[in-house]
Amino acid sequence: MADGHPPSCTAISTVQLAQLRSLVAELFPANSFYTQKLQAAGVTFDIASLEDFSRRFPFTTKEELVEDQRRHPPYGTNLTYPLANYTRCHQTSGTNGVPLRWLDTAESWEWMIESWTQIFNAADVERGDRIYFAFSFGPFIGFWLVFEAAARMGCLCLPGGGLSSESRLRAIIDNQATVLCCTPTYAMRLAEVAAKESIDLASAKVNTIIVAGEAGGSIPATRSRLAGLWHGARVFDHHGMTEVGPVTYECPQRSCVLHVIEAAYYAEVIDRASDQPARRGQTGELVLTTLGRTGSPLLRYRTGDLVKLAVQPSMLSSQPCTCGRNELALEGGILGRTDDMVVVRGVNVYPSAVEEIICASGEVAEYQVNISTAQALTELSVKIEPAADCRDIAGLVMNLEKDFDKAFALRVPVTAVSVGTLPRFELKAKRWLKI
């Protein structure tokens with residue numbers, strides 16, 4: 001705002017409603033996907049309030065979008081403008097199902113750059129910082145957005161595509177990078193390679209590690225381990241998706257809490273059983289409407305991300321979050337995904353909860369979770385690769401089994417494997433396997 005103060009909850013809602021009305025007006029009849037979808041649902045396009053929008057407009061699901069692109073290849077019909085207006089094509093990672101292609105106009109791209117700039121500002125990244133991007137630049141949108149946003153801010157951008165982990169480490173040190181961008185898993189992998197190759201991470205200048213792509217950025221044990229491996233570097237979490245863009249940033253005052261960029265998104269958290277708004281403290285599914293991505297919009301998109309609304313003063317009174325912001329806050333970041341949760345003998349087991357237990361031990365270099373089904377019963381077992389300095393492997397195994405039993409009231413067998421047995425990952429880790 002002009003006075004430098006964060007917008008109030010009322011101001012945020014007022015702007016969101018105006019943006020939403022403008023967006024919906026732009027879609028009809030230009031956007032074939034939403035014109036047909038909403039007409040079939042009998043929805044009139046006038047919007048009285050945000051609550052009216054949530055009550056009357058149907059959800060959009062990934063399955064609908066996949067089917068639309070299958071029937072209308074290669075890009076589907078969720079395009080508001082002629083194809084010649086689009087300048088960017090990206091693709092979802094395919095981690096959870098069939099990949100989606102996503103097109104953007106120059107205007108939509110600028111809208112997402114603005115959101116990434118807000119993320120950098122929250123992370124205290126400034127002009128003159130040297131940012132190392134430790135990933136190969138594939139079709140996933142996040143690589144390109146974060147790189148261009150950093151360049152716009154005046155940062156020195158250091159691409160790490162096509163290099164080995166050892167080469168990336170030497171580049172980080174030689175170029176005196178101050179910020180590292182990668183997944184939590186890969187930041188750990190880099191530290192592991194540094195130890196193996198006798199590369200002294202204490203000589204690196206990295207003071208901030210911006211992570212995404214996995215829940216680890218908001219898991220306390222994972223954050224603590226990363227900070228230790230990188231000699232006190234701050235871990236800063238955020239999340240986004242190719243089909244929606246950059247969505248959240250870590251609260252500058254409360255770790256493991258993510259704020260939604262509400263200038264760009266109208267966010268809802270719903271109870272998956274009833275599709276009604278989730279209660280405070282209840283885990284629900286994040287639903288997003290992209291307010292400024294007019295060329296390829298999403299209305300009430302069921303992201304599949306499981307979240308919990310954080311308790312903060314602004315939700316109980318007129319006071320903002322301790323960081324001064326009134327934007328929606330999610331406790332624990334992204335807790336998991338609707339398609340990742342495993343029900344074992346009636347107990348909901350989330351990957352983030354398993355990782356918290358394993359990382360808290362401080363003695364596991366890598367792990368793998370196997371999911372098996374016998375006689376219609378789902379069972380979990382865990383393989384661990386002990387850290388090189390682990391002195392009591394049998395004790396580690398026993399303690400982990402006790403911790404799993406305490407957390408879930410389940411027997412989860414743990415097996416130790418030899419060093420180098422389990423796979424390493426550059427991008428999103430695939431540690432959960434069905435056998």
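Numbers at a glance
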read-out: Failed item in (1) at pLDDT 95 or above; (2) crowded, with 20+ Cβ neighbours inside 10 Å, with Ile199 passing the rest; value: (2)
read-out: Test result for Thr117, under 21 Å from the mean Cα position of the chain (by Cα) and not acidic (Asp, Glu); value: yes
read-out: Strands (runs of 3 or more DSSP E) enclosed by segment 335-404 - at least 1 residues per element that are within 24 Å of the chain's Cα centre (by Cα) and without any contact (Cβ under 8 Å) to a residue 12 or more places away in the chain; value: 347-349
read-out: Some residue of segment 80-101 being without any contact (Cβ under 8 Å) to a residue 24 or more places away in the chain, more than 29 Å from Leu163 (Cβ to Cβ) and in a loop (DSSP other than H, G, I, E, B); value: yes
read-out: Residues that are in a helix (DSSP H, G or I) and touching a residue at least 40 places away in the same chain (Cβ under 8 Å), drawn from segment 39-70; value: Leu50, Phe53, Ser54, Lys62, Leu65
read-out: Residue under evaluation Val235, criteria (1) surrounded by fewer than 21 Cβ atoms within 10 Å (Cβ to Cβ); (2) not in a loop (DSSP other than H, G, I, E, B), criterion not met; value: (1)
read-out: Sole exception among (1) in contact (Cβ under 8 Å) with a residue 60 or more places away in the chain; (2) surrounded by fewer than 18 Cβ atoms within 10 Å (Cβ to Cβ) for Pro73, by number; value: (1)
read-out: Cβ-Cβ under 7 Å pairs, at least 6 apart or on other chains, segment 265-291 side assigned by TED's automatic domain parsing to the domain that holds Glu114, far side of a type in the set (S, T, N, Q) and not in a strand (DSSP E or B); value: Tyr266/Gln16; Glu268/Ser54; Ile270/Gln276; Asp271/Gln282; Arg272/Thr338; Glu285/Thr338; Leu291/Gln16; Leu291/Gln19
read-out: Only listed residue being surrounded by fewer than 18 Cβ atoms within 10 Å (Cβ to Cβ), out of contact with any Lys or Arg (no Cβ under 7 Å at 6 or more places or on another chain) and closer than 15 Å to Pro351 by Cβ, chosen from Ala388, Ala374, Ala394, Ala407; value: Ala407
read-out: Subset tally (residues that are touching a Gly at 6+ places or on another chain (Cβ under 6 Å) and within 30 Å of Leu190 (Cα to Cα)) for segment 87-114; value: 1
read-out: Complete set of residues in segment 34-50 that are closer than 16 Å to Thr290 by Cα and either of a type in the set (Phe, Trp, Tyr) or exposed (fewer than 14 other Cβ atoms within 10 Å of the Cβ) (or both); value: Tyr34
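Residue-wise test of (1) surrounded by fewer than 20 Cβ atoms within 10 Å (Cβ to Cβ); (2) more than 18 Å from Glu51 (Cα to Cα); (3) modelled with pLDDT under 95.
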{"site": "Ala267", "(1), (2), (3)": "no, no, no"}
{"site": "Arg302", "(1), (2), (3)": "no, no, no"}
{"site": "Leu306", "(1), (2), (3)": "no, yes, yes"}
{"site": "Met315", "(1), (2), (3)": "yes, no, yes"}
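The values are calculated or read from the model by the stated rules, or taken from the named source; none is laboratory data. What you are looking at is a predicted structure, and each value in this text was computed from that prediction instead of being measured. Backbone-built Cβ (ideal geometry, glycine too); neighbour counts: all protein chains shown.
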